[in-house]
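I am attaching a structure below and will ask some questions about it afterwards.
The values are calculated or read from the model by the stated rules, or taken from the named source; none is laboratory data. Predicted model, so just to flag it, every value in this text is computed and none were measured. Here the Cβ is made from the backbone with ideal geometry for all residues, glycine too, and neighbour counts use every protein chain on show. In case anyone asks, the SASA skips ligands and DNA or RNA and just uses the protein heavy atoms, side chains included. Shrake-Rupley method; radii C 1.70, N 1.55, O 1.52, S 1.80 Å.
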Amino acid sequence: MKKNVLTRLFIAASVIGVLLFLMTCGKKEAGQVGNGDLKAIAEQRGLTPADLIAAAKTYVPTGKHDEYVMFSSGGHSGQVLVIGVPSMRLLKVLAVFTPEPWQGWGFSKETKDILKASYVDGKELTWGDTHHPALSETNGDYDGEFLFVNDKANARAAVIDLRDFETKQILKNPLSLSDHGGTFVTPNTEYVIEGGQYAMPWTGQYAPISKYKEQYRGMVTFWKFDRKKGRIIPEESFALELPPYWQDIADAGKKVSEGWIFMNSFNVELSTGGVEKGNPPFEAGASQLDMDYLHVIDLKKAEALFKAGKTKKINGFPVLTLDVAAKEGVLFFIPEPKSPHGADVTPDGNYIVVSGKLDPHATIYNFTKIKKAIDEKNFAGKDDYGVPIIAFDTAVETQIELGLGPLHTQFDPNGYAYTSLFLESAVARWTLGGPWTEKHGKEPWTLVDKISIHYNVGHIAVAEGDNVNPDGKYLVSLNKWAIDRFTGVGPLLPQNFQLIDISNPNGNMQLLYDMPIGIGEPHYAQIIKADKLKSWDVYPEIGWDPGTQSKSKYGIQAGEERIVRRGRTVEVWMTAVRSHYTPEHVEVRKGDRVIWHITNIERAKDATHGFALPYFNINLSLEPGETQSIEFVADKAGVYPFYCSEFCSALHLEMAGYFLVKP
Ligand code: CUK
Ligand code: CUA
């Protein structure tokens, strides 16, 4: 407390110094610029010197770009948010699991097919609960090529290509309807990890809750990623059967621990709830024991067993069963304190930080010690499923008391770790030990600073803060509650992203900015250096199909437009260019099946055209060069004006036509 007051005084003093400097030296040039006087404006708006410093640190003038880009989960929206850092400007909302009209996502045939492929037994899903976006990595560093994200609600994993920021693939997990430990990637993106959460019988099977221990199961799926194809290859992917503990967050090992996967769990009590029957509710039942299990998985060994055909097909998908995993030394457990959350591997790969949720400590496990115990078969017994247990003291490096409700941890280049404190509404900065002790010149494994946030932080994201080379500089606190931060917008409040300056390793953290998120509950985000992203300005060729990232067989050039009838099917090849469609009249008969391909033949950056067709529920976004198709039955006679739904030119309103359905 005392320290915070002193810190604030110190900041205020130095800021006043800066301002005095601004106001005195070169009066006109600095204090008085354009049509305003900085001091007068600050006074009028009630801004403190610290506010002005924060504003100066976050403001990005028109035409200038942000240094970093944050990919944040869009929570219930089933989408991903792209946000500039430090300006905290929303750049884009990437449609993933949910139809999105502006991008025509889920309206064209191509995008409908991607969504459909992820339905459970063909049953339509119109939302997703995105939790953990993961950027592709090369040698443990973000490479800016791909993004992955999971849908916790239905256990799905998606692949987004960062050349055009569009979703390319969505996979339904074949084993479970629940995931959480995903998506995370291995250091060269060989695998995309999707761990389960709520144990259940394999999808499609029934087992009474009384058979929980025998027939309910957890899982972790290793999706094989093919970078060249830009796709997950299901045929080269496999899963690991896990006991019905509720598996939680995972992380891939890196450097010394590359090839290993760490995943925490809760409910090793195998509590099955049923408060209405007089049983303890889950919240109590799953917190009875002092320890849950950190899962340690030897992915290389698991992969070798899969390739050697040691898996069993479940729902048509290869699964390494628990007995094989336990016997062959693929899976190990280490006790972790009560209801853990977060499993974050340090940049050097040697420590795994697990937080306590109900315990004020973060527990730091030492991979070298874990590996030694495994090599020497130094186990303290087995769990009920035959999985070897490594004793807590054998694997632990240390525990640090951080505060109330620690959850997630990220890192910076100065040897600091940052942990969110949910119950305390704060972010803790603490020192790593080992090779970093020299770097920060402080006592290792020690809490050094805390900053209050508003309120109840879940994840935090540091710039490149979970890869092998963290950048530090900025930390975004992804807060669950906003309470009094924004103008009232009814009882459902936005969530609050708070930007924090962590650039000074010898000073304190400084809160810079609040950004309301009114689209769902974002869980995790990753922040990448903006210059690592190499996005396309326009599609490489006219007639491009983003679904395959290659030329569409339906793409055409100007002059190739046509309407062809085959029996009751009418196929239309159309072009769009400022400011007309060709053709402008399309006439069919009631009951005809219509297949309609539209190519935007523009080569100019940002010359996007839309295609809106009433009654048939269609809107497309055709970016320069793109070809998209729609398919429907003209089931109602009438006249349907179609138009361009993107304001593309002065004569945009004239970019229209008539779809006529003859009785
Ligand atoms: S979880 Cu939400 S705050 Cu899904 Cu990563 Cu921890
Ligand atoms: Cu094309 Cu408006």
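Work out from phi, with θ = phi - 60° and the Karplus expression 6.51 cos²θ - 1.76 cosθ + 1.60, the ³J(HN,Hα) of each residue of the range 632-645, listed in order in whole Hz, and give x for Gly and Pro.
My calculation for the range 632-645 gives 7, 9, 6, 8, 9, 5, x, 10, 10, x, 10, 8, 7, 9 Hz in order.
How much of the DSSP beta bridge set in the range 397-454 is antiparallel, as a percent to the nearest 5?
Numbers: 15 of 15 bridges.
Once the DSSP bridges in the range 397-454 are tallied, antiparallel ones form about 100 percent.
Arrange the peptides 337-349, 199-211, 161-173 so that the one whose residues have, on average, the most other Cβ atoms within 10 Å appears first.
337-349, 161-173, 199-211
For Ser621, Ser645, what's the largest-to-smallest order of accessible area, 1.4 Å probe?
Listed by decreasing accessible area, they come as Ser645, Ser621.
Place a label point 7 angstrom from the Cα of Arg568 along the Cα-to-Cβ direction, then list the residues of the range 592-625 whose backbone nitrogen is under 20 Å away.
Counting only backbone N, you get 592-596, 616.
Measuring with a 1.4 Å probe in the full set of protein chains, what accessible area per residue, in whole Å², belongs to the chain?
Normalised by residue count, the accessible surface of the chain is 41 Å².
Another one. For each pair in Lys450/Lys480; Lys168/Lys480; Lys168/Lys312; Lys109/Lys553, compute the distance between the two Cα atoms and list the pairs where it is over 20 Å. Present the calculation step by step, with values, prior to reporting the outcome.
Working: Lys450/Lys480 18 Å; Lys168/Lys480 30 Å; Lys168/Lys312 29 Å; Lys109/Lys553 14 Å.
Those over the limit are Lys168/Lys480; Lys168/Lys312.
OK, next. Over the range 544-662, what percent of the accessible surface lies on carbon and sulfur atoms, probe 1.4 Å?
Reported share for carbon and sulfur atoms: 53 percent.
Along the Cα→Cβ direction, 7 angstrom out, place labels at Leu270 and Arg45. What is the inter-label distance in nm?
6.1 nm
Here's another thing I want to ask about it. Using DSSP, restrict attention to beta bridges with both residues in the chain and report what percent are antiparallel, rounded to the nearest 5.
90 percent
Something else: Along the charge dipole of the chain, pointing to its positive end and built from +1/-1 on Cβ of Lys, Arg, Asp and Glu, which listed residue (Val82, Leu402, Asn267) has its Cα farthest out?
Val82
So, with a 1.4 angstrom probe, what is the percent of accessible area on the range 226-271 that is carbon and sulfur?
In the range 226-271, the share of accessible area belonging to carbon and sulfur is 51 percent.
Of Ser355, Ser287, which has the most accessible area and how do the rest follow, probe 1.4 Å?
My answer, sorted largest first, is Ser287, Ser355.
Sticking with this one: Accessible surface of Glu276 in the full protein assembly, 1.4 angstrom probe, to the nearest 10 Å²?
Here the accessible area works out near 140 Å².
Kindly rank 402-412, 437-447, 138-148 from highest to lowest mean number of other beta carbons found within 10 Å of each residue.
Output ranking for 402-412, 437-447, 138-148: 402-412, 138-148, 437-447.
So for the chain, what percent of the C-alpha to C-alpha distances run longer than 50 Å?
The proportion of pairs with Cα distances above 50 Å equals 19 percent.
Right, another one. Determine the dipole magnitude for the range 544-662: charges of +1 sit on the beta-carbon of Lys and Arg, -1 on that of Asp and Glu, nothing else is charged, the reference point is the Cα centre, and the result goes in debye to the nearest 20. Let's see the in-between values first.
Working: 14 positive and 15 negative charges, 103 e Å.
Taking the Cα centre of the range 544-662 as origin, the dipole is about 500 debye.
Go through Val633, Val457 and list them by solvent-accessible area, largest first, probe radius 1.4 Å. Please report the intermediate quantities before stating the final value.
Working: Val633 70, Val457 0 Å².
From most accessible down to least: Val633, Val457.
What is the antiparallel percent of DSSP beta bridges lying wholly in the range 544-662, to the nearest 5?
So the antiparallel bridges amount to about 65 percent of the total.
Still on this structure, please answer the following. Need one number: the % of Cα-Cα pairs in the range 544-662 sitting beyond the 22 Å mark.
The answer is 28 percent, as a whole percent.
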